[in-house]
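Data block below; observations after.
Derivation of every value follows stated rules applied to the coordinates shown; laboratory data play no part. Since the model is a prediction, treat every value here as computed from it, not as a measurement. A quick note on method: Cβ atoms are made from the backbone with ideal geometry, for glycine too, and the neighbour counts reach across all protein chains shown.
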Amino acid sequence: MKVDLPVTPDGCPEAGPVGKRDRARPGTAARRTGAVFFPVLLSGCTGPYSWLSGAGREAEIAEALFWPMLWGAAVVWAATVALALYAFRATPDPESAPRIKRLILWGGAAVPTATVAVLLVAGLLALRAIAPADGAAQVRIGAEQWWWRVAYTTTEGPVTVANELRLPTGATTTIDVASDDVIHSFWVPALGGKIDAIPGLVNRISLTPVREGEWGGICAEFCGTAHAQMRFKAVTMPPEAFEAWLEAQARPAEPSALEIHAEGLAVFIREGCAACHAVRGTAASGVVGPDLTHLASRDRFAAGILPLTPEALARWIDDPESLKPDVQMPATPGLAAEDMRALTSFLMALE
Ligand code: CUA
């Protein structure tokens with residue numbers, strides 16, 4: 001039976017209102033149940049957080065294991081249900097005892113052992129295929145409560161950005177993941193990568209994007225109050241575009257923008273923002289919080305939870321705690337309206 005579901009812009013079925021109760025029509029209950037559960041079931045099928053997007057070689061390897069396991073499990077389930085139904089209805093026959101023993105031995109021991117052995121070998125081969133390379137990592141990711149510090153290794157030194165991971169397609173990027181506070185877990189489902197960020201350890205992962213696009217990244221390990229608000233964006237792009245982007249990120253803030261927004265920069269320094277944030281090309285060189293040199297090149301901030309607009313920036317600066325519980329950034333209450341305008345205009349100009 002084909003079920004047409006309303007679809008959201010990212011292609012996922014949308015949960016809609018369930019129809020009115022209609023006792024006269026047979027099968028309504030089943031349809032109603034389907035209408036409720038189908039969208040829930042299918043909501044994981046696509047979108048920026050789906051690991052079935054096939055955006056990376058590592059995700060494809062996991063997917064190649066997933067489908068045979070899923071269909072294999074479906075066959076085992078159907079066979080088990082069929083046998084159970086048969087057993088309920090069959091008349092006991094003492095003559096069949098040896099056949100039952102054989103069935104238990106094969107179906108309960110031999111076949112499961114063989115299946116698990118095959119899966120173990122396939123899993124080990126998949127692990128070997130996605131094992132990261134030795135040598136220096138191209139990207140170092142620091143997971144912090146509650147944002148992501150992303151540092152690219154370049155010949156001119158590290159280039160640090162926040163909450164955005166850009167990778168060239170068709171190439172394998174080696175990423176070292178670490179944490180200085182608690183355990184987090186770095187995960188871009190569409191690219192197949194998931195690895196824990198553990199204090200005192202450096203864990204390594206390799207990602208090989210095969211498709212261009214924008215994908216969702218999340219923290220996959222409960223790490224405190226704002227764990228669910230620790231998101232980032234992964235962008236996979238052609239190698240030339242990636243190089244151009246990295247080059248632009250390596251540059252200091254545009255001098256003309258600093259000149260035009262000198263008043264906002266003065267507020268930024270005076271209010272103490274520079275103690276935690278860096279804006280390269282200015283006196284602001286804090287390393288506690290995100291590097292804001294090219295903040296306006298991103299479309300969201302505060303680890304993906306807010307769109308980058310002057311209004312959202314003002315709300316965040318005024319009282320970040322109200323938007324992200326236990327956030328380490330202090331509030332700036334009572335900032336004069338004209339100072340806030342100058343400050344947000346300055347931040348919005350950091351392209
Ligand atoms: Cu970081 Cu959960």
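I'd like the FRET efficiency for VAL118 and THR80, computed as 1/(1 + (r/R0)^6) with the beta carbon distance as r and R0 of 25 Å, rounded to 0.05. Intermediate results must be reported in sequence, preceding the final value.
Working: r = 19 Å, r/R0 = 0.75.
It comes to 0.85.
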Counting Lys and Arg as +1 and Asp and Glu as -1 over every other residue whose Cβ sits under 15 Å from the Cβ of PRO239, the net charge comes to -2
What FRET efficiency comes out for LEU246 versus ARG31 if R0 is 41 angstrom and r is the Cβ-Cβ distance? Round to the nearest 0.05. 0.20
Taking the chain as a Gaussian network, Cα atoms linked when under 10 Å apart, which of GLU214, GLU95, GLU311 shows the biggest mean-square fluctuation? GLU95
Quick check: pseudo-label points 7 Å beyond the Cα along Cα→Cβ at GLN328 and ALA275, how many nm apart are they? 1.4
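Mind listing which chymotrypsin sites (Phe, Trp or Tyr not before Pro) in segment 196-298 are in a DSSP loop and have 12 or fewer other Cβ atoms within 10 Å? Walk me through the intermediate numbers first.
Numbers: sites: TRP215, PHE222, PHE232, PHE242, TRP245, PHE268; in loops: PHE222.
Loop-located and lightly packed - PHE222.
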Cα-projected label distance for ALA262 with SER297, points at 7 Å along beta-carbon direction, nm: 2.6
Using the per-residue mean of other Cβ atoms lying within 10 Å as a proxy for protection, in what order, highest first, do the peptides 84-93, 51-60 fall? 51-60, 84-93
Please state the relative contact order of segment 130-220 as a whole percent: Cα pairs under 8 Å, 6+ residues apart? 28
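Is the shape of segment 189-298 best called rounded, prolate or oblate, per the rule: a/c under 1.5 gives rounded, else a/b larger than b/c gives prolate, else oblate, with a ≥ b ≥ c the square roots of the Cα gyration tensor eigenvalues?
On the way: a/c = 2.50, a/b = 1.45, b/c = 1.72.
Oblate, because a/c is 1.5 or more while a/b does not exceed b/c.
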Just to be sure I understand the model, the point goes 7 Å from the Cα along the line to the Cβ. What's the resulting ALA90 to GLU338 distance in nm? 9.0
Going by Cα centres, segment 122-173 and segment 62-93 are how many Å apart? 41
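Determine the shape class of the chain: with a ≥ b ≥ c the square roots of the Cα gyration tensor eigenvalues, call it rounded for a/c under 1.5, and otherwise prolate if a/b is greater than b/c, oblate otherwise. Write down the numbers at each step before the final one.
Values: a/c = 2.85, a/b = 1.88, b/c = 1.52.
Prolate is the answer for the chain, as a/c is 1.5 or above and a/b outweighs b/c.
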With a/c under 1.5 counting as rounded, go ahead and sort segment 184-230 into rounded, prolate or oblate using the C-alpha gyration tensor (a ≥ b ≥ c being the square roots of the eigenvalues; past the cut-off, prolate if a/b is larger than b/c, else oblate). oblate
Of the residues VAL235, VAL111, VAL182, which exhibits the maximal mean-square fluctuation in a Gaussian network model of the chain defined by a 10 Å Cα contact cut-off? VAL111
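Would you mind ranking HIS227, HIS294 by Cβ crowding within 10 Å, fewest neighbours first? Write out the running numbers ahead of the final one.
Details: HIS227 17, HIS294 23.
The fewest-first ordering by Cβ neighbours comes to HIS227, HIS294.
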Cβ-based exposure ranking for VAL267, VAL116, VAL210, in which fewest neighbours within 10 Å come first: VAL116, VAL210, VAL267
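So if we plug the beta-carbon distance of ALA220 and ALA97 into 1/(1 + (r/R0)^6) with R0 = 41 Å, what FRET efficiency do we get, rounded to 0.05?
Numbers: r = 50 Å, r/R0 = 1.23.
The pair ALA220/ALA97 has a calculated efficiency of 0.25.
Based on a Kirkwood Rh over C-alpha pairs, give the Stokes-Einstein translational diffusion coefficient of segment 45-142 at 10 °C and viscosity 1.306 mPa s in µm²/s. Intermediate results must be reported in sequence, preceding the final value.
Details: Rh = 17.5 Å.
The calculation lands on 91 µm²/s.
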